[in-house]
1. For segment B:153-175, state whether one or more residues are surrounded by 15 or more Cβ atoms within 10 Å (Cβ to Cβ), within 21 Å of B:Leu216 (Cβ to Cβ) and not aliphatic (A, V, I, L, M).
2. Identify the single condition in (1) within 13 Å of chain B (Cβ to nearest Cβ); (2) within 12 Å of ligand 1 (Cβ to nearest atom) that A:Val70 does not satisfy, given that it satisfies every other one.
3. Check B:Asn67 against each of (1) within 11 Å of chain A (Cβ to nearest Cβ); (2) under 17 Å from the mean Cα position of the chain (by Cα); (3) of a type in the set (S, T, N, Q) and name the one condition it does not meet.
4. State the number of residues belonging to segment A:15-63 that are more than 8 Å from ligand 1 (Cβ to nearest atom) and outside any strand (DSSP E or B).
5. Could you list, in sequence order, the residues of segment A:20-67 that are over 15 Å from the mean Cα position of the chain (by Cα), within 14 Å of chain B (Cβ to nearest Cβ) and within 16 Å of ligand 2 (Cβ to nearest atom)?
6. Could you say which residue among B:Asp57, B:Asp109 is among the acidic types (Asp, Glu) and open to solvent by less than 10 Å² (accessible area, probe 1.4 Å)?
7. Test each condition in (1) more than 14 Å from chain A (Cβ to nearest Cβ); (2) open to solvent by 20 Å² or more (accessible area, probe 1.4 Å) for B:Glu81 and report the one that comes out false.
8. In segment A:88-107, which residue that is over 21 Å from B:Glu81 (Cβ atoms) and in contact (Cβ under 8 Å) with a residue 40 or more places away in the chain is surrounded by the fewest Cβ atoms within 10 Å (Cβ to Cβ)?
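The values are calculated or read from the model by the stated rules, or taken from the named source; none is laboratory data. As the structure is a computational prediction, the values presented were derived from the model and not from experiment. Because the Cβ atoms are built from the backbone with ideal geometry, glycine has one as well, and the counts that use them run over all protein chains shown. For the accessible areas, the whole protein counts, side chains as well, though only heavy atoms, and no ligand, DNA or RNA atoms are used. Shrake-Rupley method; radii C 1.70, N 1.55, O 1.52, S 1.80 Å.
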Amino acid sequence: MSPPAISMAGVVKSFGDVRALDGVDLETPPGSVLGLLGPNGAGKTTAVRLLTTLLVPDAGTIRVAGLDVVREAADVRRRIGLAGQYAAIDDNLTGLENLTMVGRLYGEARRTARRRGLELLERFGLDDASRRPARTYSGGMRRRLDLAAALVARPPVLFLDEPTTGLDPRSRLDLWQMIEGLVVDGTTVLLTTQYMDEADRLADSIAVIDRGRVIADGTPDALKDRVGGERLEVRLADGAAAPRALEALAPLSDEPPTLEDGAVKLSVRGRSGTIVDAVRRLDEAGVGVDDVGLRRPTLDEVFLSLTGHATRRDDQERDR
Amino acid sequence: MRRLVSDTLVVAERNLVRLPRAPDLLLAFTVQPVMFLLLFVYVFGGAISTPGYDYVDFLIPGIIVQNIAFGGFVTALGLNEDLHKGLIDRFRSLPMARPAVLAGRTLSDVVTNSLSIVVLLVTGLIIGFSFDASPPEILGGVVLLLLFGYAFSWVFALLGLLVSSPEAASSLGFIAVFPLTFVSSAFVPIDSMPAALQAFAQVNPFTVTVDAMRALWVGAPAGDNVWGAFAWALAILAVFAPLAVARYRRAAGG
Ligand SMILES: Nc1ncnc2c1ncn2[C@@H]1O[C@H](COP(=O)(O)OP(=O)(O)O)[C@@H](O)[C@H]1O
Ligand SMILES: [Mg+2]
């Protein structure tokens, strides 16, 4: 059993009166992806900044790549990559210059750093823009460049703070694919997110964090099951067929399907093939269908069912 | 130590490559000081009496010192921007020498300050300034200017790390540096000022430095000013560089 790549034990960090982290325990094995899921103000960025040696904890121990982040900070920095909540790139430099600079600051020679920069730009689909000032990049390109900068030194442990927040759906998908590519390389990743679907897709395990505490953790499936799994929603062509539809779909779920606003809803657990199965059953029962879809629980639903209170977006707007 | 030097050079290079790409910044180092010089010489020059000197000979050392003191502004603005954009977080997460980000910033100011000195001197020579000095004295003056500017860059570095926005850095910087430069011997002889201002102007490091420059470049009686000016610059450096580095280590709430 190799030691965890990332671990936090009893970690507390306060800013004045605000307890940003209030006794956090986390652990993830090498080569896995840990998702830190929580609303704005939950303490995600604070956790990342502690893990990357930018802050010192008030209490508790933090180890990254087997090293203590306080006592062995300099060695930790050689083994991590960080892409913060805001793309940390110099707008006046080109993409290539940004990456070369970071490589040289990791101690590489200019030529080595440049070669690595070119390689990363190609991998992240930025080779055409490599000689343009980063000022001219779109939001998605900036994020990709930022991620590339975090990878310059091939760090075994990578921290991504809300890597897709503010991106359009297309760029989000691109970035997801790039992050999935990293995992294939064996990199350990800790990523924070406000989106359940993102954590679900990318993470091997998820820790849900609220007001500085971990309120639930486990695999994405286990977590979704705790909040009632995914929901199948079927919009009927003819409302009168509802009773037949309810009857036809009942075997798909442990709980009886419900009828809300002209749509049949039921929670489902075994995911693969559910939609096909549902459509076939409805077809056999002679029920016309307008629309059918699987809906994942949102962060808000996860929160509501785990904590009994909704996410507190409004009083947590201040982020830095 | 080798890491400190190489990391510092990387950061300085980063700050300098942008110069040719940001013409507005280049204007701030070249056209703006020249404009000030011409305004002072031709607008106030006739009204200010500087016994023993042509006004342009009196003014050039003063206006160059003033310009050099403001040269570090770029450091305050740049660091503040880096802080907000998360670049400081990235730098602090890298295995680089801790003081290198600030040392690189302030080093690039030395380059831009040199540029300002050349531009002002050439303009000065065109409009009638003449040295009354030996080559070692001229060189000594340049060294003093660069050292003085370097010391102020560290003051601005600390300012840039402390304030909440680039705008705040600008206005605080102006509030701090403007009175210092004007209530000094930079633009007018201090015996023309009211007594209270004179008392302040006499101990003002700007007066000491400007007087030292006049001693080195236009043959004014030096007194202790030359050594005093070097001492001031080194003292400012010795106080503000450690403060700025300490602040950098815990930037953004550590
Ligand atoms: N530097 C700081 N100074 C004061 N309060 C802070 C600071 N950083 C974070 N906080 C507070 O700590 C809490 C957690 O913030 P953060 O870790 O940024 O949350 P998240 O990244 O999950 O949105 C918030 O209440 C925030 O206002
Ligand atoms: Mg955050």
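1. For segment B:153-175, residues surrounded by 15 or more Cβ atoms within 10 Å (Cβ to Cβ), within 21 Å of B:Leu216 (Cβ to Cβ) and not aliphatic (A, V, I, L, M): absent.
2. (2)
3. With respect to (1) within 11 Å of chain A (Cβ to nearest Cβ); (2) under 17 Å from the mean Cα position of the chain (by Cα); (3) of a type in the set (S, T, N, Q), B:Asn67 is out only on (1).
4. Qualifying residue count for the region: 14.
5. Once the filter is applied, which keeps residues that are over 15 Å from the mean Cα position of the chain (by Cα), within 14 Å of chain B (Cβ to nearest Cβ) and within 16 Å of ligand 2 (Cβ to nearest atom), segment A:20-67 yields A:Ala20, A:Leu21, A:Thr46, A:Arg49, A:Leu50, A:Leu51, A:Thr52, A:Leu54, A:Leu55.
6. Numbers: B:Asp57 fails: open to solvent by less than 10 Å² (accessible area, probe 1.4 Å).
After ruling out the rest, the residue left standing is B:Asp109.
7. Exception for B:Glu81: condition (1).
8. Only one residue tops the list, namely A:Tyr106.
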